[in-house]
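Heads up: the structure comes next, in structure tokens.
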């Protein structure tokens, strides 16, 4: 379940609004007619010891078409801790992170 994810840096948290909105708009365009619960994009602010945080978007495996539009890089699936749902169905949490139901 953690394979075939993609990630994309949206830049510094102060300037991530524009790419975030671009992802939301493209998501609506691509997936407006689907009811799939596993198509989602999550974000997390990551600092890794730097002064400013960087916003990273994580595209679920079922959102690979959207990831390709933004040239997102393949990555391992993220851990759930600290993630926020950017776009997708709220049920995507349980679909994509079944080991950490809350």
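What to note about this one:
- Complete set of residues in region 29-41 that are over 14 Å from the mean Cα position of the chain (by Cα) and not in a loop (DSSP other than H, G, I, E, B): 29, 30, 31
- Across region 62-98, the number of residues qualifying as in a strand (DSSP E or B) and either within 11 Å of the chain's Cα centre (by Cα) or free of Cβ contacts under 8 Å to residues at least 24 places away in the same chain (or both) comes to 5.
- Candidate set: region 14-36, residues that are within 23 Å of residue 97 (Cβ to Cβ) and at pLDDT below 90; chosen: the one surrounded by the fewest Cβ atoms within 10 Å (Cβ to Cβ): 35
The values are calculated or read from the model by the stated rules, or taken from the named source; none is laboratory data. What you are looking at is a predicted structure, and each value in this text was computed from that prediction instead of being measured. Don't worry about glycine lacking a Cβ; one is built from the backbone with ideal geometry, like all the others, and counts go over all protein chains shown.
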